[in-house]
Ligand SMILES: [Zn+2]
């Protein structure tokens, strides 16, 4: 057993956490959308997270129309552009955790309007490496806030079985193949009989969400829908 290695790892993650907290305090409080000093999203930028709030449920004309099976429903709050893109980037890469409640609130409001059902929220898990580096899983933070607002339980019911190639390097078919078997239901949780709503930060083709849905159905879920903060075309 490499005790020294373990100690280094533990120390590294402890320092990472401390550094992360220090960074939280050091960050100038500014809007992720327009960089003005103030709240994490200012009153002018916040509405950009909800441009689809009143849109009809379903996929509008001009986007790939099919909801990737086996998903029952697929919803999102905003296109992955402008403020939404910058806010998600700030949460994911700049440690701006204060954005998670705002993004989670947008997810909850969209789902409350457009969602056809579901009794359990499950975040799409980030890779363990990224969670270790960042100190948190952004989709889990978003899902926790959405669940609180929707008064539904949230469970981190999925785990990654292996790391996948970065999806942006792949075309649509390759993305699906890359993800086959990449997720499984966590052995410690019971999703039998549940209608699950997956929560993610950004979706592109929906291949990740579909792979997660397959894993949950394999574990006994009766249906899986999905909602993301933003959709990339
Ligand atoms: Zn702003």
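Just a yes or no: is a residue in the stretch 58-76 within 20 Å of residue 92 (Cβ to Cβ) and either modelled with pLDDT under 85 or away from the ligand (no atom under 16 Å from the Cβ) (or both)? So far as the stretch 58-76 goes, yes, one or more of its residues are within 20 Å of residue 92 (Cβ to Cβ) and either modelled with pLDDT under 85 or away from the ligand (no atom under 16 Å from the Cβ) (or both). Residues in the stretch 87-99 that are more than 14 Å from the ligand (Cβ to nearest atom) and surrounded by 23 or more Cβ atoms within 10 Å (Cβ to Cβ): 2 in all.
None of 84, 106, 116, 144 is away from the ligand (no atom under 16 Å from the Cβ) and closer than 28 Å to residue 42 by Cβ except 144.
The values are calculated or read from the model by the stated rules, or taken from the named source; none is laboratory data. All values derive from a computational prediction rather than experimental measurement. All Cβ positions, even for glycine, are placed from backbone atoms using ideal geometry, and neighbour counts span all protein chains on display.
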